[in-house]
1. Check Thr61: other-chain or 5+ apart residues with amide H under 5 Å from its amide H, H built from backbone geometry?
2. Order these peptides, 171-183, 110-122, by their mean beta-carbon neighbour count within 10 angstrom, highest first.
3. What are the principal axis extents of the Cα atoms in segment 128-182, in Å, biggest first?
4. Quantify how much of the Cα-Cα distance distribution of segment 64-108 extends past 12 Å, in percent.
5. Just to confirm, what accessible area per residue do you get for segment 75-188 at 1.4 Å probe, in whole Å²?
6. For the pairs Lys125/Lys204; Lys160/Lys204; Lys160/Lys203; Lys89/Lys125; Lys114/Lys160; Lys86/Lys160, note any where the Cα-Cα span goes beyond 32 Å.
Amino acid sequence: MKHFIHLTLAALLGTWLWTGSSCKSSSENGKTTTNADSSAVAALDTPPRMKLTPTNGNQYTVETQAFSLVFPAEPRHQIDTLMLAKGVKAQSHAYLLDLGSQIFALIYIDYPGKPQPQQIIEEAKAGILSSFYGEPVIRKDSSFEWQGHPAIELTAGSTKDGLFLHYRLLAVGPRLYQIAISSTDDFLEEDYVQDFFNHFQLKK
């Protein structure tokens, strides 16, 4: 479970760096709750309109009005409520598929106000790297534009931590998307990672 915890925290650290906020995390079924700070607020009540549709074989498509992504199997939806600076609330939505040695994830956060997209993804990258206990090996760190939006792909891992992360960060206006695969064993093949990443689609 260690890599699951790291993946979830890494996804949220970018938000904390940007605002100095605290967080309360709760699963969709309400059975599991972890508190990072007692001042965190309860999860907001209204999740986005989302469909979870069986696709081919064991695959499932997560679809909202803004995006879709095909997972290898049915993911779990987790909502985290963040208390940002000056008492402002923001939600993080995570779709997580735990396959034991690997976790597939799509996480998105809507930032209030008018944050700079490039700043959002740079701070998210810093948060991901800070989730390692030691200095990770970085195999990939590339900045590019994806459909006109700033993006970063990051591959970093540590044998000592037993944690290997493959991330695509995408800032669409005030929303940060984080598409990721974590592994406890080793870095994954690039084609395998890109196949998951490229199933993500934005809707116009």
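1. Thr53, Thr55, Phe71
2. By packing density, highest mean first, the sequence is 171-183, 110-122.
3. The Cα atoms of segment 128-182 stretch 37, 18, 16 Å along the principal axes, largest first.
4. In whole percent, the long-distance tail amounts to 66.
5. On a per-residue basis, segment 75-188 sits at 39 Å².
6. Lys160/Lys204; Lys160/Lys203; Lys114/Lys160; Lys86/Lys160
The values are calculated or read from the model by the stated rules, or taken from the named source; none is laboratory data. Just so it is clear, the model here is predicted, and its values are computed rather than measured. Don't worry about glycine lacking a Cβ; one is built from the backbone with ideal geometry, like all the others, and counts go over all protein chains shown. Just the protein is used for accessible areas: all its heavy atoms, side chains included, with ligands, DNA and RNA removed. Shrake-Rupley method; radii C 1.70, N 1.55, O 1.52, S 1.80 Å.
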